[in-house]
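Shown next, in structure tokens, is the structure this report addresses.
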Amino acid sequence: MENTALRYRQFGEPESVLQREISEKAPLQPGMLRVQMLLSPVNASDLIPITGAYRHRITLPAIAGYEGMGQVIAAPDGAALLPGQRVLPLRGEGTWQQYVDCPAALAIPVPDFVEDALAARAFINPMAAWLMLNLWPVQGKRVLLTAAGSDCAILLGQWAQRRGATAVYGIHRSAIHADRLRAMGIVPVAQQDSDTVRALAASSDIVYDATGGELAQTILNSMRSSATFVCYGLLSGQPFSLQRHFPPTHWFHIRNHFAALSPQVWQAAFSEIWPLLAESQYSDAMLIPFSAWPSALAGYRQAGRTHKPLLDFTRDNP
């Protein structure tokens, strides 16, 4: 079987090191599903590893992509999932390729009530938001979000309200996000409004930060020692320093929690996530042919974007 994949053989900027390569797909191994990909999003978590930020756990050459949705085309005997079913082929191979093999026990069936473009984005950001809210509960607390226009933050904000947060504030860089956040019940705060950012940091009980850098430093300098700061990303590309008087600071990496999730717990988690996701507001999807992947990366990097670029394999598959 001929397979086309976006592969990188060295670390660097994705636009420079990713190559579209065609090769023969290896035979399917026991216990694995083979999935023909339909859609796969472009996330920060897909691009950052390509730069070499996590080179200690990546063996080159590697295929990019961590999530997406497709249809089963081959399954082991006795598997619960059958050819033709829509699934998320997770925790197996890179998803930026036409055919993905993944452990049958970890593939997530997509419910009929979830449309394709939403299903393709149901792992990285929804699972991260769900896990963080379980680890650091928000009931009765004031919540502050950074990078509030991002997919993970808008889910954190909406789901925090469902879980009893008394107020949710969202710091954004682009004014285009303000009305959208307000419609979700998240109070928008311009990142440039330093006085308001410091005041909210001082009154918040928990902060979920995806930016790091100067903004994180400003927030930490203003927070009460009894509050909680959770860092789940460094979108600014800049670190921040910790000081003794800062509140407890926690580092969240979704990968670190996989070992504690048995296949049964893994499947049960998505049983909770699917209805939440279907009822939530989320970024619009922009479908871009797999062969035009540089355009998808350019779309992801567009300042103030309110859409999510998705690689569309249906325009490339034979």
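The values are calculated or read from the model by the stated rules, or taken from the named source; none is laboratory data. Quantities reported herein were computed from a predicted structural model and do not represent experimental measurements. Virtual Cβ from ideal backbone geometry, glycine too; neighbours counted across all protein chains shown.
So which of Ser40, Ser45 is closer than 19 Å to Ile108 by Cα, hydroxyl-bearing (Ser, Thr, Tyr) and either within 16 Å of the chain's Cα centre (by Cα) or not assigned by TED's automatic domain parsing to the domain that holds Val87 (or both)? Step through it out loud before you land on a result.
Working: Ser45 fails: closer than 19 Å to Ile108 by Cα.
Step by step, each of Ser40, Ser45 is checked, and only Ser40 is closer than 19 Å to Ile108 by Cα, hydroxyl-bearing (Ser, Thr, Tyr) and either within 16 Å of the chain's Cα centre (by Cα) or not assigned by TED's automatic domain parsing to the domain that holds Val87 (or both).
Do the conditions hold for Asn43, that is, is it touching a helix residue (DSSP H, G or I) at 6+ places or on another chain (Cβ under 8 Å), modelled with pLDDT of 95 or more and not small (Gly, Ala, Ser)? Steps first, please.
Numbers: touching a helix residue (DSSP H, G or I) at 6+ places or on another chain (Cβ under 8 Å): yes; modelled with pLDDT of 95 or more: no; not small (Gly, Ala, Ser): yes.
In short, no.
Which one of these is under 18 Å from Asp46 (Cβ atoms), out of contact with any Cys (no Cβ under 9 Å at 6 or more places or on another chain) and outside the structural domain of Thr59 (by TED's automatic domain parsing): Asp195, Asp151?
Asp151
Residue under question is Ala119, and the condition is that it be surrounded by 14 or more Cβ atoms within 10 Å (Cβ to Cβ), within 15 Å of the chain's Cα centre (by Cα) and within 23 Å of Ala268 (Cα to Cα); does it hold? Step through it out loud before you land on a result.
On the way: surrounded by 14 or more Cβ atoms within 10 Å (Cβ to Cβ): yes; within 15 Å of the chain's Cα centre (by Cα): yes; within 23 Å of Ala268 (Cα to Cα): yes.
Here the answer is yes, as Ala119 does meet what is asked.
Given the conditions (1) assigned to a helix (DSSP H, G or I); (2) crowded, with 17+ Cβ neighbours inside 10 Å; (3) not hydroxyl-bearing (Ser, Thr, Tyr), report the number of the one that Ile288 does not fulfil.
Here Ile288 meets the rest and fails (1).
For segment 151-188, which residues satisfy the criterion of being of a type outside the set (A, V, I, L, M, F, W, C) and over 16 Å from Ser283 (Cα atoms)?
Residues of segment 151-188 of a type outside the set (A, V, I, L, M, F, W, C): 151, 157-158, 161-164, 166, 169-170, 172-174, 177, 179-180, 182, 185, 188.
Matches in segment 151-188: Gln161, Arg162, Arg163, Gly164, Thr166, Tyr169, Arg173, Pro188.
For residues that are modelled with pLDDT under 95 and in a loop (DSSP other than H, G, I, E, B), scanning just segment 252-280, find the one that is surrounded by the most Cβ atoms within 10 Å (Cβ to Cβ).
Leu261
Going by the structure shown, is Trp293 outside the structural domain of Tyr208 (by TED's automatic domain parsing) and farther than 14 Å from Leu131 by Cα?
Working: outside the structural domain of Tyr208 (by TED's automatic domain parsing): yes; farther than 14 Å from Leu131 by Cα: yes.
Against the criterion (outside the structural domain of Tyr208 (by TED's automatic domain parsing) and farther than 14 Å from Leu131 by Cα), Trp293 qualifies.
Restricting the first residue to segment 1-27 and requiring it to be within 10 Å of Gln97 (Cβ to Cβ), which pairs with a second residue that is modelled with pLDDT under 95 and surrounded by 15 or more Cβ atoms within 10 Å (Cβ to Cβ) meet a Cβ separation below 8 Å and a spacing of at least six or different chains?
Partner pairs satisfying both residue conditions: Thr4/Asp316.
Go through segment 111-148 and give me each residue that's without any contact (Cβ under 8 Å) to a residue 60 or more places away in the chain, within 27 Å of Val87 (Cβ to Cβ) and in contact with a helix residue (DSSP H, G or I) (Cβ under 7 Å, 6 or more places away or on another chain).
Answer for segment 111-148, where residues must be without any contact (Cβ under 8 Å) to a residue 60 or more places away in the chain, within 27 Å of Val87 (Cβ to Cβ) and in contact with a helix residue (DSSP H, G or I) (Cβ under 7 Å, 6 or more places away or on another chain): Ala129, Leu133.
Would segment 44-59 turn up any residue that is touching a residue at least 40 places away in the same chain (Cβ under 8 Å) and in a strand (DSSP E or B)?
No - not one qualifying residue is present in segment 44-59.
Can you tell me which residue in segment 177-217 is surrounded by the fewest Cβ atoms within 10 Å (Cβ to Cβ), limited to those that are closer than 18 Å to Pro248 by Cβ and of a type outside the set (A, V, I, L, M, F, W, C)?
Only one residue tops the list, namely Ser203.
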